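What follows is a set of notes on a single structure, which appears directly below.
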Amino acid sequence: MYFFSHTLYVISLDGKITAIDAHANGRQLWTADTGSPLIDSSLSKIEISRDSRSVRLIPSLIGGLYEKYDEDGHIEPLPFDADALLDASFKLHDEVVITGGKHIDTLGLDLHTGQILYSFSKDDPKQQNTLDNNRTTTTSDSIDSKPTLIVKRTTQTVRARSVRNGYEKWNFR
């Protein structure tokens, strides 16, 4: 039997949740994968051209965006931040359109094992029950009696796409 009041739940940048027993010298109880890393970006790898100058976009830890000119290292803040991009779609310059959005997932994890019991998002027509996808869950089913850790995961994604063909040039989330 686990004593959940002594359990520490940690999520790492790779998107995995780990349950640790704080009274047993940090012994790992279980690990579950939420499906994707918390941070993912191709932004720092991309060079764009602005006014015939080579520019790199740099995100800051607090949501600001900056452009760095490669030739002289000059850095300028952009007139918007990452949050503004989540609800907008606009042309950055002649070659790039930027779009953004949020996606929210909810996971139910078994506190004893870390097994994902269900997952759903606001756009899913029905939940995904990983124990048995072919049945409808009712309040009398055994899944309802399991102690459950509920995880809400909000993914905020910004993408830059080519104006000419729609191909993704960079992203960050």
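FYI, it's all coordinate maths here, none of it is from the lab. Worth saying up front: this structure is predicted, and the values here are computed from it rather than measured. Note that each Cβ is placed from the backbone with ideal geometry, even for glycine, and that neighbours are counted across all protein chains shown.
Among the aspartates and glutamates, select those whose C-alpha is under 19 Å from the C-alpha of Lys122, and discard any that sit fewer than 8 residues away in the same chain.
Correct list for Lys122: Asp87, Asp105.
Given a Förster distance of 45 Å, report the FRET efficiency between Arg53 and Ile104 from their Cβ-Cβ distance, rounded to the nearest 0.05.
Numbers: r = 38 Å, r/R0 = 0.86.
FRET efficiency, Arg53 to Ile104: 0.70.
Residue by residue, what Karplus-based ³J(HN,Hα) values in Hz, rounded to whole numbers, does the stretch 28-36 have, using 6.51, -1.76 and 1.60 with θ = phi - 60° and x for Gly and Pro?
Each residue's phi maps through the Karplus curve to give 6, 8, 6, 9, 10, 9, 7, x, 7 Hz.
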